[in-house]
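The values are calculated or read from the model by the stated rules, or taken from the named source; none is laboratory data. Since the structure is predicted, the reported quantities are computational estimates derived from the model, not experimental observations. Counting neighbours? That spans all protein chains shown, and the Cβs are built from the backbone with ideal geometry, glycine included. These area figures cover heavy atoms from the full protein model, side chains too; ligands, DNA and RNA do not enter into them. Shrake-Rupley method; radii C 1.70, N 1.55, O 1.52, S 1.80 Å.
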Amino acid sequence: MGHLTRAHLLEALAFLLIVVTFYGFSFEFNQPIEIYRYGATAWPRVVIGCLMFATLGNIWFQYFNGSLSQGTIGSSNDEADLTDPKTIRRMTAVLLTPIVFAWLLKPVGIYFSAPFFIAAIIWLFGERRWKAIVIMTVFIYLLFIGLFLVILNAPLPQGNISPFYDFSAWILTMNAKLQGI
Amino acid sequence: MIENFLAGSAALFGDPFTIGIFVFGVIGGMLFGAIPGVSMLTLAAILLPFTAALEPAQGVMLFAVIYCTGTYGGAITAILFNIPGSAENAPTAFDGYPMTQNGQSGKAVGAAVLCSAIGGIASSLIMMAATEPLANWAIRNIGPPEIFALVFFGLAVASSIGARTIWKGWMSVLIGLLIATVGQDPVGGINRYNFGMVDLAAGIAFVPAILGFFAVSEIFVQAEKKASGKYKAPKVSMTFPSWLELWMHKVAVLRSIIVGFLCGILPGIGATLAAFMSYGEAVRWSKTPEEFGKGKLEGVISAETANNAATGAAMIPLLALGLPGGALTAMMVAVFQMHDLQPGPLVFMLSPDLIWIVFAAMFYANLSILVIGLVETKTILNLLKIPFQFLAPLILMLATTGAYIGRGLVLDVIVMFLAGIFGYLLRRSGFSIPGIVLGLILGKIGEQNFAQGMQMVHYDLGTYFSRPICAFLIAAGVLTLATSLYRAFKSIKASA
């Protein structure tokens, strides 16, 4: 196994999976283009081939050197420290919270979901003083509303399910009244 | 030229409303560039519909000013938070952020202010003097084969920057190129990898992907450090670089202006590649290349001078040929079209007033960077004093809005957060996020120009390499790749 670790093997496996998946799906659009000899698949397949070569080169390098740096420019030796189960649990929550927030944007809208998201992120970043969480949530929410709704009138997701949609409509009506529109 | 410039200045400062738009553009560009999570593109996307109500010159001028000041503003977040405001500021973070960690944030920001202004002013002056002859040269000598060759060279350079090993550098660039293949192919319009989703037919939008890879992934990195108790608050420093320190880098500044301007002229390439190539050249010419990436002032100077030098140059293909050099210049085409104008050679004949107001505004915008930048830098540095648990949700909310506003799609917000997770996992394993982003940006441009280039030379490689610029750039790219491959093999041999 040389200097290979389980993380190295998982990394290589993930990249080879990407290579196989993208190569497999490339047959879905494998059609000739009349004005271009190489067709729509040539470019992606060259990229896939190069990625496979680089992945194999990477695992070969790691076999001899492990996670050593190779003297490239601007790289950081800072590696993830995910050994503590508590850190893993916290990071899982940090990574999933924005995805849940994004998924809720269409049905719930940003005006209703934003305060909960802001509070959750503050809490996940280690703030435990409830007063600070509430005050900062309100402050960031008002700053956000003030900049994008009141000043810039930017169109933002309003949700499509009642009562969330009604809440967004109420905020927009308030803004319109405030600006005398 | 001087007469035209004075006439443009008079038109710009002769009307209070135009002055108001200019000031709004300068401050708006700087603010949106300097606020982590949003960028000048967010502001431009919001403002685009409103430009219909402005005079054509005012609309184009507003976007040109935002382009100049926003490019500078993005350096602030790159230096202070390792979150580049846009892709062209990514190389600034390589040395800027380590400088912040070493307690030299004031020095890095001060150098960014000065060099952005110098690069931008030099570029404006060259643009005013040489737009027409340069455009004529570009029309005759630069075509799709040359642009593909430059993309190839740029990607070869980018693969050796930012990753822990050469292999990971290549993998980073290739992942970016692979993501860029999602959506319609640029030649036949055939849908690729859209997995039945209509919204993906247009491909992965740059802005959400860039926000995800840069801003969101950095938030996740800081969250991990907080969770594992390794978080260190960045040190605030108000020490600016001395004039002597800056004078010592005069060669780097001059080289970066040339690299930045030449890259900026080429349509579709823009400031991003300029910054990467300038950084790469700084390393190549340095007597102490091993110091780059650890907080070397020359790294910040090279990247920031070049990306601002590219802003003026990017106007040349836009105004002379009607070809945008990047996302913001593409929006400027939309401003022209809203007013029934088409950027191109005819604009010089039909609307010379518009051209010279824009040129004058860009010159003064770059001058404003120097004045406002130096005054405001100390205020901006205080951002570092905000505890990260309060800054993180603000950045995520701004990024969410920035990702959504471009196309009005929730899918873009999801893409941004997925890119954030993917970016977090990759950067913690030693991959290069700037490499991925450059691959993503240049992927479609490279493929399109490769296809057009091959059609032009009738698929004959001999004809392709008989074009001197192509032969030179491809050879330089191959040499760069071969050198890095040799180093990779040598390091394996040494440790075996």
For chain B, what is the calculated [θ] at 222 nm in deg cm²/dmol (nearest 500), taking -39500 (n - 2.57) for each run of four or more DSSP H residues and dividing by its residue count?
-> -24000 deg cm²/dmol
Per its Cα gyration tensor (rounded if a/c is under 1.5, else prolate when a/b beats b/c, else oblate), chain B is best filed as rounded
Span from the the stretch B:272-299 Cα centroid across to the the stretch B:327-342 one, whole angstrom | 35
How far is it, in nm, from the label point at residue B:198 to the one at residue A:162 when both lie 7 Å from their Cα along the line to the Cβ?
-> 2.6
When the accessible area of chain A is computed with all protein chains present and a 1.4 Å probe, what percentage of it is carbon and sulfur?
-> 70
Quote the charge dipole size of the protein assembly as shown about the Cα centre in Debye, to the nearest 20; the model charges only the Cβ of Lys and Arg (+1) and of Asp and Glu (-1).
-> 2020
Note the direction-averaged projected area, equal to a quarter of the hull surface, for the Cα convex hull of the stretch B:42-123, in nm².
-> 5.8
List of the stretch B:267-310 residues, accessible area with partners at least 20 Å² below that of the chain alone (1.4 Å probe) = B:283, B:293
How far is helix A:164-178 tilted off the main Cα axis of chain A, in degrees rounded to 10, range 0 to 90?
-> 60
By what distance, in whole Å, do the Cα atoms of the stretch B:428-475 stretch along each of the three principal axes, largest value first?
-> 44, 20, 14
Global size of the stretch B:165-257 as Cα Rg and Dmax, reported in angstrom = 21.0, 59
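Could you pull out the chymotrypsin sites (Phe, Trp or Tyr not before Pro) across the stretch B:165-198 that fall in loop regions by DSSP (anything but H, G, I, E, B) with no more than 16 other Cβ atoms inside 10 Å? Intermediate values should be presented prior to the final figure.
On the way: sites: B:167, B:170, B:193, B:195; in loops: B:193, B:195.
Passing sites in the stretch B:165-198 are B:195.
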Which value, in Å³ per residue, describes the convex hull spanned by the Cα atoms of the stretch B:333-443?
-> 190
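Please give the average number of partner chain Cβ atoms lying within 10 Å of the Cβ of each residue in A:111-122, rounded to a whole number. Could you put the intermediate results ahead of the total?
Details: counts 0, 0, 0, 5, 1, 0, 4, 6, 1, 1, 10, 6.
Shielding by partners across A:111-122 averages 3.
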Please work out the FRET efficiency for the pair residue B:461 and residue A:53, using the Cβ-Cβ distance as r and a Förster radius of 22 Å; give the result to the nearest 0.05.
-> 0.55
Residue separation between residue B:349 and residue B:50 times 0.36 nm, minus their alpha-carbon distance, gives in nm 105.0 nm
Work out which helices of chain B, taken as complete DSSP H runs, extend at least 24 Å along their axis over the Cα atoms and score a mean Kyte-Doolittle of -1.0 or more, then list them.
-> B:16-34, B:56-81, B:105-141, B:297-316, B:352-381, B:388-407, B:410-427, B:433-456, B:468-495
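Counting residues in the stretch A:39-181 as N, plug N into 2.2 N^0.38 Å and put the Cα Rg over that result.
Scaled against compact globular proteins, the figure is 1.60.
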Kindly report the accessible area of the stretch B:328-380 per residue (heavy atoms of protein chains, probe 1.4 Å, no ligands, DNA or RNA), in Å².
-> 43
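What's the buried accessible area, both sides, between B and A using a 1.4 Å probe, rounded to 100 Å²? All intermediate terms of the calculation are to be shown ahead of the outcome.
On the way: alone 20450 and 13920 Å², together 26890 Å².
Answer for the B-A pair: about 7500 Å² buried.
Using unit Cβ charges (K, R positive; D, E negative) and no other charged atoms, how large, in debye to the nearest 20, is the dipole of the stretch A:1-148 about its Cα centre?
Values: 10 positive and 8 negative charges, 97 e Å.
For this selection, approximately 460 debye.
So if a site counts as exposed when it's one of the GluC sites (Glu not before Pro), its DSSP state isn't H, G, I, E or B, and it has at most 13 other Cβ atoms within 10 Å, what's the longest stretch of chain A without one? Kindly include the intermediate steps, with their values, before the conclusion.
Working: sites that count: A:34, A:79.
Here the longest run is A:80-181.
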Can you list, bin by bin at 20 Å, the percent of alpha carbon pairs in the protein assembly as shown, starting at 0?
-> 19, 55, 26, 1
